[in-house]
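The values are calculated or read from the model by the stated rules, or taken from the named source; none is laboratory data. Worth saying up front: this structure is predicted, and the values here are computed from it rather than measured. For neighbour counting, all protein chains shown are included, and Cβ atoms are generated from backbone atoms with ideal geometry for every residue, glycine included.
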Amino acid sequence: MNRRDLLGNVYTAMTGIGLAHLMSGESRAANVETHHAPKAKRVLQIFCPGAASHMDLWEHKPSLEKYHGQPLPGGENLVSFQGKNGNLMRSPWDMPPAGETGKRISSLLPNLSKHVDRIAFVHSMHSKTNTHGPGCVFMNTGHAQEGFPSAGAWTSYALGSANDNLPTYVAMPDIRGEPPNGKANWSNGFLPAKHQGVTISAQQPIRNLSRPESVTADTERASRELLQLLNERHADAHPDMTELRARMSAYELAARMQLSAPEVMELSSEPQSTHQAYGTDDANSLKAAYARNCLLARRLLERGVRYVNLYCASRASGVDGLLNWDAHKTLKSDYERHCPIFDQPTAALFTDLAQRGLLDDTLVLWTTEFGRMPTHQAGTTGRDHNPDGFTCWMLGAGVKPGVSHGATDEFGRRAEVDPTTVWDFYATVLHLLGFDHTQLTWYHNGLDRRLTDVHGNVIEPLLA
């Protein structure tokens, strides 16, 4: 081979290498080894922190109407999280039947009521804690203590990236702030640091993405290549430092996001009809902000982000129920503030996902950390914490639509029919993603750790 042929073949080979690298991300995403055929490729988890009330939103309790103002049988002297409880209190709102299934949900949620025939409700959830911070962490990680990987981190570890230019796992805090216990809710725990959720939201655009005018593209590329060489040498010399590898990956991702992230974040490219459907320009600034996050969540999901945590409300404030669903004192005014923020944008997101065919392989979860008492808190018109019974639900890929699993007792006090744990819930999520939850493990401190701890059973009635 002469020199001209050699150089010609090298040029062609380099083109092929570049093409192979671009295609490798798609091939890796297509060849993830699951334990069985998955129904879902990605997850959207909507979290309403503050312990949203099950009997005021999702689970109709006629006995609360019938016995309103009377003592809770067997709980006349009950003391719960914030003290003594009063008598039984009916919901301030009607719960009319909706959809073909006739499922009753709160009249405060007229837009979501149009989706009840898609939803599989779990009315028999219960938690091991009645405190918001540990409760949120427990609902997100399967452990009440901080330091364990979240469900999104486990999904990132199991499935890997489907888009090399965007994070695998994204957490989207509400404009009102982070949820109780903050970043512990999307922690990687003991998994490699690259599986931690990346915080992105419409109100917090990614900063410092533009290249300074004084730096040319060639200079930046050369600097990046030199930095990669030095980083690789250092990482090879310290193979046990996963944080170092994660930091390198994060900087490399940031470089790629210089091109991809601005396009994803550019919500103005969406038609006006979409903005109107979500309510992104609503006069209620909190609703508009949440609506923009809902729209951004759809854009992230359709571009290959594996797991999106979308929060509606934040941590507690000095006034109970002001910033989240923690309605200790004034349930009626609190929920008449929160439900309009939540209802239209969430329903529009579901409609949008369905119209684009994304619900066929996207699993949608709605979660909160625990429920509320069927009684009013003494001296108030609100409800105290109740870890013994609450509702979560799911819809989308592989989920049986229009079903209700389990139930609390006639007053909503305790999970009574088919009691369901957080571990059961996530065993079902992992099953729909194609994994046996008992086999998805990481060795840590002498144990094969997993999202479901040492518990959990797939909730078979929820499966299509």
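Structure summary
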item	result
Residue in the range 336-352 that is in contact with a helix residue (DSSP H, G or I) (Cβ under 6 Å, 6 or more places away or on another chain), surrounded by fewer than 24 Cβ atoms within 10 Å (Cβ to Cβ) and not in a helix (DSSP H, G or I) present	no
Residues located in the range 421-444, provided they are touching a residue at least 60 places away in the same chain (Cβ under 8 Å) and farther than 21 Å from Y307 by Cα	T421, H444
Boolean, S260 is at pLDDT below 95, in contact with a Lys or Arg (Cβ under 6 Å, 6 or more places away or on another chain), among the polar types (S, T, N, Q) and not in a loop (DSSP other than H, G, I, E, B)	no
Any chance G412 is over 26 Å from A464 (Cβ atoms), in contact with a His (Cβ under 9 Å, 6 or more places away or on another chain), in contact (Cβ under 8 Å) with a residue 12 or more places away in the chain and small (G, A, S)	yes
One residue from Y426, Y443 being of a type in the set (S, T, Y) and crowded, with 16+ Cβ neighbours inside 10 Å	Y426
Hits in the range 343-394 - residues which are among the basic types (K, R) and under 30 Å from A37 (Cα atoms)	R356
Any chance Y251 is at pLDDT below 80 and either touching a helix residue (DSSP H, G or I) at 6+ places or on another chain (Cβ under 9 Å) or farther than 30 Å from P340 by Cβ (or both)	yes
Breaking point among (1) in a loop (DSSP other than H, G, I, E, B); (2) under 30 Å from S317 (Cα atoms); (3) modelled with pLDDT under 95, for N85	(1)
Count of residues meeting criterion [of a type in the set (V, I, T) and within 21 Å of the chain's Cα centre (by Cα)] in the range 378-428	6
S113 being assigned to a helix (DSSP H, G or I) and not charged (D, E, K, R)	yes
Odd one out for S314 among (1) in contact with an Asp or Glu (Cβ under 6 Å, 6 or more places away or on another chain); (2) polar (S, T, N, Q); (3) surrounded by 22 or more Cβ atoms within 10 Å (Cβ to Cβ)	(3)
Test for L358: is it of a type in the set (A, V, I, L, M), buried (at least 23 other Cβ atoms within 10 Å of the Cβ), modelled with pLDDT of 95 or more and out of contact with any Ser or Thr (no Cβ under 7 Å at 6 or more places or on another chain)	no
Subset of the range 77-90 (residues that are more than 10 Å from T375 (Cα to Cα), of a type outside the set (A, V, I, L, M, F, W, C) and without any contact (Cβ under 8 Å) to a residue 40 or more places away in the chain)	N77
Complete set of residues in the range 155-199 that are farther than 17 Å from G135 by Cβ, assigned to a loop (DSSP other than H, G, I, E, B) and free of Cβ contacts under 8 Å to residues at least 60 places away in the same chain	N188, G189, P192, Q196
Failed condition for D282, given (1) surrounded by 12 or more Cβ atoms within 10 Å (Cβ to Cβ); (2) of a type in the set (D, E); (3) modelled with pLDDT under 80	(3)
Some residue of the range 372-394 being at pLDDT 95 or above, in a strand (DSSP E or B), touching a Lys or Arg at 6+ places or on another chain (Cβ under 8 Å) and charged (D, E, K, R)	yes
Qualifying residue in the range 41-63 (condition: modelled with pLDDT of 95 or more, part of a loop (DSSP other than H, G, I, E, B) and over 27 Å from A313 (Cβ atoms))	yes
